[in-house]
1. Please count how many residues of the range 170-201 are touching a residue at least 24 places away in the same chain (Cβ under 8 Å), under 17 Å from A217 (Cα atoms) and small (G, A, S).
2. With respect to L157, is the statement that it is crowded, with 22+ Cβ neighbours inside 10 Å, in contact (Cβ under 8 Å) with a residue 24 or more places away in the chain and in contact with a strand residue (DSSP E or B) (Cβ under 6 Å, 6 or more places away or on another chain) true?
3. Any idea which residue in the range 13-42 is nearest to ligand 2 (Cβ to nearest atom), counting only those that are among the β-branched types (V, I, T) and over 14 Å from R213 (Cβ atoms)?
4. Scan the range 135-144 and tell me whether some residue there is surrounded by fewer than 18 Cβ atoms within 10 Å (Cβ to Cβ) and assigned to a loop (DSSP other than H, G, I, E, B).
5. Residues T10, T88, T45: which one is assigned to a strand (DSSP E or B) and either within 16 Å of ligand 2 (Cβ to nearest atom) or in contact (Cβ under 8 Å) with a residue 40 or more places away in the chain (or both)?
6. Only residues in the range 114-131 that are surrounded by fewer than 16 Cβ atoms within 10 Å (Cβ to Cβ) count as the first member; pair them with residues that are among the small types (G, A, S), Cβ under 6 angstrom, at least 6 apart or cross-chain, and list the lot.
7. Only one of V74, V100, V111 is free of Cβ contacts under 8 Å to residues at least 60 places away in the same chain, assigned to a helix (DSSP H, G or I) and touching a strand residue (DSSP E or B) at 6+ places or on another chain (Cβ under 8 Å). Can you tell me which?
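No value in this document is a laboratory result; all are computed from the given coordinates. Small disclaimer: the values here were computed from a predicted structure and weren't measured. Glycine gets a Cβ as well: all are built from the backbone with ideal geometry, and neighbour counts include every protein chain shown.
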Amino acid sequence: MTLLTVRGLTAGYGEGEVIHDVDLAVAPGATTALLGANGAGKTTTLRAITGMIARRGTVTFDGHDLAGLTSDQVARLGIAHVPQGRGTFAQLSVQDNLLVGALSRRDRSGVATDLDRCRSLFPILATRARSAAGTLSGGEQQMLAMSRALMARPRLLVLDEPSLGLAPGITRQIFDLLPLLRVEWDTAVLVVEQNANLALALADDAVVLENGRVAMAGAAAEIAGHDDVRRAYLGT
Ligand SMILES: Nc1ncnc2c1ncn2[C@@H]1O[C@H](COP(=O)(O)OP(=O)(O)OP(=O)(O)O)[C@@H](O)[C@H]1O
Ligand SMILES: [Mg+2]
């Protein structure tokens with residue numbers, strides 16, 4: 001059983017194709033890591049899946065064919081995309097950023113409970129609730145961006161390089177959260193990450209892209225065990 005199934009995904013910008021014939025899957029509640037060198041096409045793959053750019057191929061989520069859906073419609077089906085560079089609303093308060101994440105929800109008591117849950121995951125979101133999001137540090141903004149995505153109660157969280165530019169301790173704090181998402185939020189994760197060792201240690205499955213094509217895919221533990229693969233594609 002899979003929650004997200006991607007088959008033959010091909011996409012790019014204008015005339016130029018960047019990713020070719022990409023297959024990947026995420027099981028319910030599981031984590032799939034999408035790995036590869038700079039420019040391999042990881043961000044483009046995520047954008048094509050969530051409907052931000054045109055694509056060929058099929059994307060099926062929770063029984064729905066996502067063909068022709070806008071990124072807003074994809075979000076409403078339960079996929080929350082945290083883009084590379086985070087995408088918080090800098091001028092809005094931390095609190096309002098979190099509430100924006102819950103705008104499509106009607107269950108007010110559930111929203112209140114989830115606000116509390118985000119604040120217990122990341123206490124800084126409570127202590128800085130009234131500060132403008134733009135005044136948070138990079139790591140704090142990443143915590144806010146992930147929490148805002150969670151406030152929509154997604155079935156799938158799509159994270160594009162959550163550790164980019166962050167100190168190792170903060171990266172650890174953010175990655176330690178991923179197993180909790182399965183247990184406490186019933187959320188699956190598709191994560192792009194430059195730190196392959198970190199991602200492979202946490203993910204169930206991994207897909208390695210090279211020049212826009214899948215070079216290798218399988219159980220994360222298996223890929224982590226192939227020293228030659230790690231050296232060739234992941235530089236570790
Ligand atoms: N908006 C765009 N317009 C044109 N080309 C783009 C655009 N965004 C990305 N590209 C190109 O597509 C290719 C893949 O880029 P992409 O951002 O998907 O790679 P990536 O694997 O996410 O890299 P990184 O690890 O550096 O984030 C690159 O050659 C890049 O220059
Ligand atoms: Mg990228």
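1. 2
2. Working: crowded, with 22+ Cβ neighbours inside 10 Å: yes; in contact (Cβ under 8 Å) with a residue 24 or more places away in the chain: yes; in contact with a strand residue (DSSP E or B) (Cβ under 6 Å, 6 or more places away or on another chain): yes.
Yes.
3. Keep residues of the range 13-42 that are among the β-branched types (V, I, T), which gives 18-19, 22, 26, 31-32.
In the following step, the residues that additionally are over 14 Å from R213 (Cβ atoms) were identified as 26, 31-32.
Numbers: V26: 18, T31: 18, T32: 16 Å.
Ranking the candidates gives T32 first.
4. Initially, the range 135-144 is screened for residues surrounded by fewer than 18 Cβ atoms within 10 Å (Cβ to Cβ), giving 135, 137-138.
Keeping just the survivors that are assigned to a loop (DSSP other than H, G, I, E, B) gives 137.
Taking every residue of the range 135-144 in turn, at least one turns out to be surrounded by fewer than 18 Cβ atoms within 10 Å (Cβ to Cβ) and assigned to a loop (DSSP other than H, G, I, E, B).
5. On the way: T88 fails: assigned to a strand (DSSP E or B); T45 fails: assigned to a strand (DSSP E or B).
That would be T10, the only listed residue that is assigned to a strand (DSSP E or B) and either within 16 Å of ligand 2 (Cβ to nearest atom) or in contact (Cβ under 8 Å) with a residue 40 or more places away in the chain (or both).
6. R130/S93
7. On the way: V100 fails: touching a strand residue (DSSP E or B) at 6+ places or on another chain (Cβ under 8 Å); V111 fails: touching a strand residue (DSSP E or B) at 6+ places or on another chain (Cβ under 8 Å).
Residue meeting the stated conditions: V74.
Here is a yes/no grid of residues against (1) within 22 Å of I49 (Cβ to Cβ); (2) of a type in the set (G, A, S); (3) in contact (Cβ under 8 Å) with a residue 12 or more places away in the chain:
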{"residue": "L136", "(1), (2), (3)": "no, no, yes"}
{"residue": "Q142", "(1), (2), (3)": "yes, no, yes"}
{"residue": "M151", "(1), (2), (3)": "yes, no, yes"}
{"residue": "P162", "(1), (2), (3)": "yes, no, yes"}
{"residue": "P168", "(1), (2), (3)": "no, no, no"}
{"residue": "A206", "(1), (2), (3)": "yes, yes, yes"}
{"residue": "G225", "(1), (2), (3)": "no, yes, no"}
